[in-house]
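**Q** Let me give you the structure first, and then I'll get to my questions.
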Amino acid sequence: MDFDFLAFDGPLAQRGIGVIAPFDLALERELWRWVPMEVSLHLARTPYEPVPVSMEMARLVSDSHHLASATRDVLHVEPEVVAYLCTSGSFVNGVDYERSLTKAICDAGAPDAVTTSGALAEVLHQLDLHRVSVLTPYDGDLTQALHDFLGELNVETVASDHLGLGGGIWKVSYRTIAERILAADHGEAEAIFVSCTNLPTYDLIEPLEAALGKPVLTANQLTMWACLRRMGLPIVGPGKWLRDVS
């Protein structure tokens, strides 16, 4: 059989996102569902820290020196943007510190940078949201730090729930997450934010948005949205309201 190799240019040109993930991330497969076929994700991890999910861990995994080192680890594959994929690590010290993290990533050589909590701030601004309900897998102290971060953005937390987990967050079932999201909803909430990049949510977003009639915003969704937006690419995956944001 004749085959004209010259008639093919090869695979679609690859575009890359560098991802700095906490050492305990277990949802790489979900992460890939948020990007189109031509986008590759190049992961680097922060160093292992022998502490449970807590305020202490959030501060340890958001050390700017660790993020700079991880950024340099992925630069050789030429990502167009580098994302710090961690909600608690990017909100735990407030809005100014979140901004300092993106600066640290860019100072290490990234052409552009995103953090999960920075992406949350962008979406809240773009959708003009000022009152939200919150669900987190964290303990009460770390959940309160998220409330404080939202307060700095002039966003009121009108209802909140947390699972109180110190680890194994990726093991939480869809049923449990859906039940807790529904319970966390509030009549005054304009949207629900589900925190943590290690909490599985992909298949829950569309049915819950349909049931509640409001945005259900999740950590991995927002992070990838912010990356794709910087790359001039449309959002992939569920999220009715995000697809309408230019």
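The values are calculated or read from the model by the stated rules, or taken from the named source; none is laboratory data. None of the values given here were measured: they were computed from a predicted structure. Quick reminder, even Gly has a Cβ in these numbers, built from the backbone with ideal geometry, and neighbours come from all protein chains shown. Ligands, DNA and RNA are excluded from the accessible area calculation, which covers all protein heavy atoms including side chains. Shrake-Rupley method; radii C 1.70, N 1.55, O 1.52, S 1.80 Å.
**Q** If I compute solvent accessible area with a 1.4 Å probe over the protein chains, what percent of it on the chain is carbon and sulfur?
**A** Roughly 51 percent of what the probe reaches on the chain is carbon or sulfur.
**Q** Want the number for GLN14 to HIS186: 0.36 nm per residue separation, take away the alpha-carbon distance, what's left?
**A** 57.7 nm
**Q** Grab the DSSP H runs of the chain that are 4 residues or longer, score each as -39,500 (n - 2.57), total them, divide by all residues and round the 222 nm result to the nearest 500 deg cm²/dmol.
**A** Rounded to the nearest 500, the figure is -11500 deg cm²/dmol.
**Q** Could you tally the net charge around ASP161, taking each other residue with its Cβ under 14 Å from the Cβ of ASP161, Lys/Arg +1 and Asp/Glu -1? Please list the in-between numbers first.
**A** Numbers: positive: ARG180; negative: ASP139, GLU179, ASP185.
Charge balance in the 14 Å sphere: -2.
**Q** Sum up the charges of everything whose Cβ sits under 12 Å from the Cβ of GLY94, counting Lys and Arg as +1 and Asp and Glu as -1, but leave GLY94 out.
**A** Net of charged neighbours comes to -2.
**Q** Tell me, what ³J(HN,Hα) does each residue in the stretch 89-95 have, in order and in whole Hz, if you take phi through Karplus 6.51 cos²θ - 1.76 cosθ + 1.60 with θ = phi - 60° and put x for Gly and Pro?
**A** x, 9, 10, 4, 10, x, 5
**Q** Roughly what would the spin-label model give for ARG175 and ASP107, points 7 Å off Cα along C-beta, in nm?
**A** In this crude label model, ARG175 to ASP107 measures out at 4.9 nm.
**Q** Still on this structure: Extension gain GLU28-HIS125, at 0.36 nm per residue separation less the Cα-Cα distance, in nm?
**A** 32.1 nm
**Q** So for each of 33-40, 191-198, 138-145, 213-220 I average, over its residues, the number of other beta carbons within 10 Å; can you give me the resulting order with the highest mean first?
**A** 191-198, 213-220, 138-145, 33-40
**Q** Further, regarding this structure: What length, rounded to one decimal in nm, is gained on full extension from HIS65 through to ALA211, with 0.36 nm per residue of separation minus their alpha-carbon distance?
**A** The HIS65-ALA211 span can extend by a further 48.3 nm.
**Q** Convert each backbone phi in the stretch 215-220 into a coupling constant with the Karplus relation 6.51 cos²θ - 1.76 cosθ + 1.60 (shift: θ = phi - 60°), then list the ³J(HN,Hα) values in order as whole Hz, x for Gly and Pro.
**A** x, 10, 9, 10, 4, 5
**Q** While we're here: Can I get the semi-axes of the stretch 116-214's equivalent ellipsoid? Compute them from the C-alpha gyration tensor as square roots of 5 times the eigenvalues, in angstrom, largest first.
**A** Working from the Cα gyration tensor, I get semi-axes of 20, 17, 12 Å.
**Q** In addition: So what J values fall out for the stretch 41-57 if you push phi through Karplus, 6.51 cos²θ - 1.76 cosθ + 1.60 with θ = phi - 60°, rounded to Hz, Gly and Pro as x?
**A** Values, residue by residue: 9, 10, 9, 10, 10, 6, x, 4, 10, x, 9, x, 4, 5, 4, 4, 4 Hz.
**Q** Based on Cα coordinates alone, diagonalise the gyration tensor for the stretch 179-246, multiply each eigenvalue by 5, take square roots, and list the semi-axes in whole Å, largest first.
**A** 21, 13, 10
**Q** Considering only protein heavy atoms, what per residue accessible area in square angstrom results for the chain with a 1.4 angstrom probe?
**A** 45 Å²
**Q** Return the whole-Å distance between the Cα centroid of the stretch 199-231 and the Cα centroid of the stretch 52-95.
**A** The stretch 199-231 and the stretch 52-95 have Cα centres spaced 21 Å from each other.
**Q** Sum up the charges of everything whose Cβ sits under 15 Å from the Cβ of MET231, counting Lys and Arg as +1 and Asp and Glu as -1, but leave MET231 out.
**A** Taking every Cβ under 15 Å from that of MET231, the sum is -2.
**Q** For ILE20, list long-range residues whose amide hydrogen, built 1.01 Å from N in the peptide plane, is under 5 Å from its own amide hydrogen.
**A** The answer is ALA44, ALA83, TYR84, LEU85.
**Q** About its Cα centre, how strong a charge dipole does the stretch 58-141 have in debye, to the nearest 20, once Lys and Arg get +1 and Asp and Glu get -1 at the Cβ?
**A** The dipole of the stretch 58-141 has a size of about 120 debye.
**Q** Determine the equivalent ellipsoid of the stretch 16-67 by diagonalising the alpha-carbon gyration tensor, then write out the semi-axes as square roots of 5 times the eigenvalues, largest first, rounded to whole Å. Write down the numbers at each step before the final one.
**A** Values: eigenvalues 120, 30, 11 Å².
Output for the stretch 16-67: semi-axes of 24, 12, 8 Å.
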